Amino acid sequence: MSLHIGAQAGEIAKRVLLPGDPLRAKHIAENFLEDAKCYNEIRGAFGYTGTYKGVPVSVQGTGMGIPSISIYVTELIREYGARKLIRVGTCGAMHENINLRDIVIAQGTTTDSSIIRNIFGPTINFAPLADYELMSKAMEVGQSLKIPTKVGNIVTVDRFYDDDIDNEKLRRYGILAVEMETAALYLLAAKYRVQSLGIFTASDHLLTKEAVPAEERQTNFNDMIKIALETIIQ
Ligand code: ADE
């Protein structure tokens, strides 16, 4: 057991999908994995291990924001030996090239969080990047399943409700989408030398102000999960 995850040693796979919403972890386990068993209910952060095409895969809800995902990712890597971690979440589209419902793969992530300078100090701006092997595999899987994906830089923000952030400037510099966790995932993956990737569906659009209705979100969420599972078992 670790502080926040109630699993015994060996109950979590080396390959882990990371949805923010713990109920999505349940959905993935029930609809995509075989023989899935729940290993964690602490704080309602459900975690399951099962198999996908015969390969052991776990799925762990991380909660929202950098502090929360950092706890789960650190414990998964340090205490349970996770080696391939793919975040599967939603994002806000912020670029004209991204449409509502699109699947976005984060090649890298820019952030307003202090986690980078807390580690590297004021002069070095470490660039949190996706694992190249996972990223290129995800793009290839998307193509073979005929599910279009967009790839590029995203922004990981500390505040969902942020009236002060200059989204127009971020857009001009090619930032595709906004979410709240991936900078921490990529940073921790670099620290512990494991592989990580973030894949998202655009659930709302900052330019058009549209949002995907809640009941419709499952469909393109499921496409993203297919890409993530086919990628992680390689
Ligand atoms: N996740 C999904 N939509 C988002 C948004 N608009 N801002 C931050 N995180 C998000």
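If a residue has to be within 21 Å of Leu23 (Cβ to Cβ) and not polar (S, T, N, Q) to count, how many in the stretch 50-65 make the cut? Steps first, answer last, please.
Residues of the stretch 50-65 that are within 21 Å of Leu23 (Cβ to Cβ), as a first pass: 50, 52, 57-65.
Checking the rest, the ones that are also not polar (S, T, N, Q) come to 50, 52, 57, 59, 61, 63-65.
Result for the stretch 50-65: 8.
Scanning the stretch 88-105 for residues that are open to solvent by less than 10 Å² (accessible area, probe 1.4 Å), part of a strand (DSSP E or B) and either closer than 18 Å to Gly10 by Cβ or within 13 Å of the ligand (Cβ to nearest atom) (or both) yields Val88, Gly89, Cys91, Gly92, Ala93, Val104. Among the residues of the stretch 50-74, the one identified as farther than 18 Å from Arg87 by Cβ, in a loop (DSSP other than H, G, I, E, B) and either under 16 Å from the mean Cα position of the chain (by Cα) or touching a residue at least 60 places away in the same chain (Cβ under 8 Å) (or both) is Lys53.
Exactly one residue among Gly44, Gly54, Gly50 is among the small types (Gly, Ala, Ser), out of contact with any helix residue (DSSP H, G or I) (no Cβ under 9 Å at 6 or more places or on another chain) and away from the ligand (no atom under 16 Å from the Cβ), and that residue is Gly54. Name the pairs: first residue in the stretch 9-31 and closer than 16 Å to Ala228 by Cβ and among the aliphatic types (A, V, I, L, M), second residue open to solvent by 80 Å² or more (accessible area, probe 1.4 Å) and assigned to a loop (DSSP other than H, G, I, E, B), Cβ to Cβ under 9 Å, at least 6 apart or on different chains? Listed by first residue and then by second, the contacts come to Val16/Arg83. Considering (1) farther than 30 Å from Arg172 by Cα; (2) surrounded by fewer than 23 Cβ atoms within 10 Å (Cβ to Cβ); (3) within 18 Å of the chain's Cα centre (by Cα); (4) not β-branched (Val, Ile, Thr), the lone condition that Gly47 does not fulfil carries the number (2).
So, of the residues in the stretch 75-87 that are among the charged types (D, E, K, R) and not in a helix (DSSP H, G or I), which turns out to be nearest to the ligand (Cβ to nearest atom)? I'd like the intermediate steps shown before the answer.
Narrowing the stretch 75-87 to residues among the charged types (D, E, K, R): 75, 78-79, 83-84, 87.
From what's left, not in a helix (DSSP H, G or I): 79, 83-84, 87.
On the way: Glu79: 28, Arg83: 26, Lys84: 23, Arg87: 12 Å.
Here the answer is Arg87.
The values are calculated or read from the model by the stated rules, or taken from the named source; none is laboratory data. Please read these numbers as outputs of a predicted model, since none were measured by experiment. Please note: Cβ atoms are built from the backbone with ideal geometry, for glycine as well, and neighbour counts cover all protein chains shown. For accessibility, only protein heavy atoms count, side chains too; no ligands or nucleic acids. Shrake-Rupley method; radii C 1.70, N 1.55, O 1.52, S 1.80 Å.
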